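The values are calculated or read from the model by the stated rules, or taken from the named source; none is laboratory data. Quick caveat: nothing in here was measured; it's all calculated off a predicted structure. With ideal geometry, Cβ positions are generated from the backbone for all residues, glycine too; neighbour counts draw on all protein chains shown. To get the accessible areas, we keep the full protein, side chains included, count just its heavy atoms, and leave off ligands, DNA and RNA. Shrake-Rupley method; radii C 1.70, N 1.55, O 1.52, S 1.80 Å.
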Amino acid sequence: MSLTALPSSTVSAPGLVPGLAPRIPPYFLNTDHRQRCLAQLRSKSTGLEKYIYLSGLKERDPNLFYEVLLGNMLEIIPILYTPTVGDACSSYSHIWRRPEGLYVSIENKGHIKQILQTWPGGLASRIAVVTDGSRILGLGDLGANGLPISIGKLDLYIAGAGIKPTSTVPICLDLGTNTQKFLEDPLYIGVRRKRPGTTEMDAFMEEFMQAMRDVFPMLLVQFEDFSTDNAFRYLDLFRNQYRCFNDDIQGTGAVILSGFINAARLSSAASGKPLSEHRILFFGAGSAGIGVAKQLLSFFSLLGLSEEEAKSSIYTVDSKGLITADRKGLQEHKKFFARTDYQGPPLTNLTDIIGFVKPTALLGLSTIRGAFTEDVVKLMSSLNTRPIIFPLSNPVSLCEVDYSDAIKWTNGSVIFASGSPYKAMEFEGKVYEPGQGNNMYIFPGIGMGAILSKARHVTDAMVEQAAIALSSSLSQEEQSSELVYPRLARIRDISAQIALAVIRAAQKDDVDENTLFRNLGDNALLDYIKAKQWQPCATHNSNASNAPRL
Ligand SMILES: NC(=O)C1=CN([C@@H]2O[C@H](COP(=O)(O)OP(=O)(O)OC[C@H]3O[C@@H](n4cnc5c(N)ncnc54)[C@H](O)[C@@H]3O)[C@@H](O)[C@H]2O)C=CC1
Ligand SMILES: CC(=O)C(=O)O
Ligand SMILES: [Mg+2]
């Protein structure tokens, strides 16, 4: 319910007789405290101040916090999540006020189980977002300052899927940092050492994952913002052993597959070219770039193409240029898409690469602000009736191209989705709405589905079906407006539909420990999922027993 849609509120407070509860102002409950909170929030002049205010509100009154969040998602999610959560992480050692998550330190090795046992949620815990702070958004190694990313993602689980706040566990692994300025900062809150080598880190991670299962047997682990090598490494090591997935690889893969399916339809409808002729150029080949590229193979396989044919439609670029198989010392994760059809001097300039590839879609996961220059965007526009341009790097300060420029340089023909939010804009008398290609649309539904079905593992089919469910979730109005993702205000409904698809895929793969849903029809299961979604109980304006605590 939107707060602005509420009556200006004059609900009486039976039982709260002036003078009997002297610490609450006598006519406080005749006012709408949520509106007061919003006004206080809006009075803050910077994003970081707003973040700190919201964190304080959550501490004082979690129900009220989630009520305000659910009523104002478009305004508040960009504060709790990208872009402002990036500022919160960068300065977390300086804005820290109170414990709000679990730190597991490299110094706890040998005793990790005891550390986890201190978490108050205990056996009721269902979802942990775990970061080691080594690659927070595109901001690099922030060490122990990474905790707000786990907190922000879990707020999206709560707001977006209706997971109970008490079932969530935000975790930051404090393994040191290779960022010198933090090691020298007297207020830095993490252990003052460089990050461990692979052998020491692997031993820590093995102990951590085993301890997580022992202490929280029903819990799903979401790996978040690990540096690329470790992101791939721990996903491969743990995905068949534990209930876990990697959000940057699999969540981002699924959300972009979903948006791409809708974008490709729009682009092909304009050009008249078949969907199978799309060619996709990835600018950035890290955990996110390669994760998305691998997931986009499904776009072609769903059209009936072989893996080889699908692979030949995907090109990847890193800081050294177009990735080719003959390059010496190529990292393992870059080998799969390395091209064998280019011979010649390394292609390093993006416009030259576009000239060679002639892509229909350009996806940015590079952390390089402004990399999609006017020349690049105009070249894409000259090659395509409706170019697909997705600058997906976060936060917005690292986005490859701003929405206004992309619209201007393509005369409005671009099909656009960015990782961080942009506002709708008017160009030559027409209003254009950007998409937000961010894994926040998908991980709440994947998590909800995995939790409810008690999936032993998160399988590839569960991730792919989540993407297909998201791409099919657009309303008639959203389709007519040529959106590639549904509107954020509908995220709870969307997450329920994704969860349904994830549960069905878990059943097909036989990883559902909870087999009760197997005999339930889709409508009944969807109703069940929606009924399970947690709602904040009214903290205000309903009756005196729900009044803010004294
Ligand atoms: N929209 C979304 O939902 C998501 C967005 N991301 C964003 O994707 C970005 C990348 O994340 P990761 O892949 O994990 O990081 P990463 O650091 O592993 O990858 C960055 C890639 O960009 C390449 N690169 C760097 N400079 C370049 C240049 N000048 N020219 C061409 N390529 C260049 C690097 O070689 C590397 O392959 C981050 O900004 C992150 O916030 C990540 C996950 C989800
Ligand atoms: C969105 C996200 O997960 C990232 O930028 O890392
Ligand atoms: Mg991430």
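Only one of (1) within 16 Å of ligand 3 (Cβ to nearest atom); (2) buried (at least 24 other Cβ atoms within 10 Å of the Cβ) is not met by residue 140, so which one is it?
Single failed check for residue 140: (2).
State all residues of the stretch 392-406 that are open to solvent by less than 30 Å² (accessible area, probe 1.4 Å), closer than 19 Å to residue 354 by Cβ and over 15 Å from the mean Cα position of the chain (by Cα); if no residue qualifies, say none.
399, 400, 401, 406
Being assigned by TED's automatic domain parsing to the domain that holds residue 361, closer than 16 Å to residue 438 by Cα and of a type in the set (Gly, Ala, Ser) narrows it down to one residue among 418, 404, 381, 413; which is it? Even if it seems obvious, please write down each step before you answer.
On the way: 404 fails: closer than 16 Å to residue 438 by Cα; 381 fails: closer than 16 Å to residue 438 by Cα; 413 fails: closer than 16 Å to residue 438 by Cα.
Selected residue: 418, the only one of 418, 404, 381, 413 that is assigned by TED's automatic domain parsing to the domain that holds residue 361, closer than 16 Å to residue 438 by Cα and of a type in the set (Gly, Ala, Ser).
Among residues belonging to the stretch 278-300 that are within 16 Å of ligand 2 (Cβ to nearest atom) and outside any helix (DSSP H, G or I), point out the one that is most open to solvent (accessible area, probe 1.4 Å).
The selected residue is 283.
How many residues are closer than 22 Å to residue 398 by Cα, hydrophobic (A, V, I, L, M, F, W, C) and open to solvent by 30 Å² or more (accessible area, probe 1.4 Å) if we restrict to the stretch 422-443?
2
In contact with a Leu (Cβ under 6 Å, 6 or more places away or on another chain) and more than 14 Å from ligand 3 (Cβ to nearest atom): which single residue out of 267, 258, 271 fits that description?
Numbers: 267 fails: in contact with a Leu (Cβ under 6 Å, 6 or more places away or on another chain); 271 fails: in contact with a Leu (Cβ under 6 Å, 6 or more places away or on another chain).
258 is the lone residue from the list that is in contact with a Leu (Cβ under 6 Å, 6 or more places away or on another chain) and more than 14 Å from ligand 3 (Cβ to nearest atom).
Residues that are touching a residue at least 60 places away in the same chain (Cβ under 8 Å) and of a type outside the set (Phe, Trp, Tyr): list the helices (runs of 4 or more DSSP H) wholly contained in the stretch 175-264 that include at least 2 such residues.
198-215, 228-238
Which of the numbered conditions does residue 4 fail, given that it passes all the others? Conditions: (1) part of a helix (DSSP H, G or I); (2) at pLDDT below 95; (3) buried (at least 20 other Cβ atoms within 10 Å of the Cβ).
Going through the list (1) part of a helix (DSSP H, G or I); (2) at pLDDT below 95; (3) buried (at least 20 other Cβ atoms within 10 Å of the Cβ), residue 4 breaks only (3).
From 371, 417, grab the single residue that is part of a strand (DSSP E or B), more than 30 Å from residue 126 (Cα to Cα) and in contact (Cβ under 8 Å) with a residue 40 or more places away in the chain.
Every option except 417 fails the conditions.
How about the stretch 313-328: which of its residues are more than 25 Å from the chain's Cα centre (by Cα), within 13 Å of ligand 1 (Cβ to nearest atom) and not in a strand (DSSP E or B)?
If the condition is that a residue be more than 25 Å from the chain's Cα centre (by Cα), within 13 Å of ligand 1 (Cβ to nearest atom) and not in a strand (DSSP E or B), then 320, 323, 327 are the ones that fit.
Of 275, 237, which residue is closer than 21 Å to residue 208 by Cβ and open to solvent by 20 Å² or more (accessible area, probe 1.4 Å)? Reasoning before the result, please.
Numbers: 275 fails: closer than 21 Å to residue 208 by Cβ.
Checking each option against the conditions leaves just 237.
Give the residue, chosen from 90, 150, 134, 105, that is at pLDDT 95 or above and more than 16 Å from ligand 3 (Cβ to nearest atom).
105
Of the numbered conditions (1) out of contact with any strand residue (DSSP E or B) (no Cβ under 8 Å at 6 or more places or on another chain); (2) in contact (Cβ under 8 Å) with a residue 24 or more places away in the chain; (3) assigned to a helix (DSSP H, G or I), residue 310 fails exactly one; give the number of that condition.
(2)
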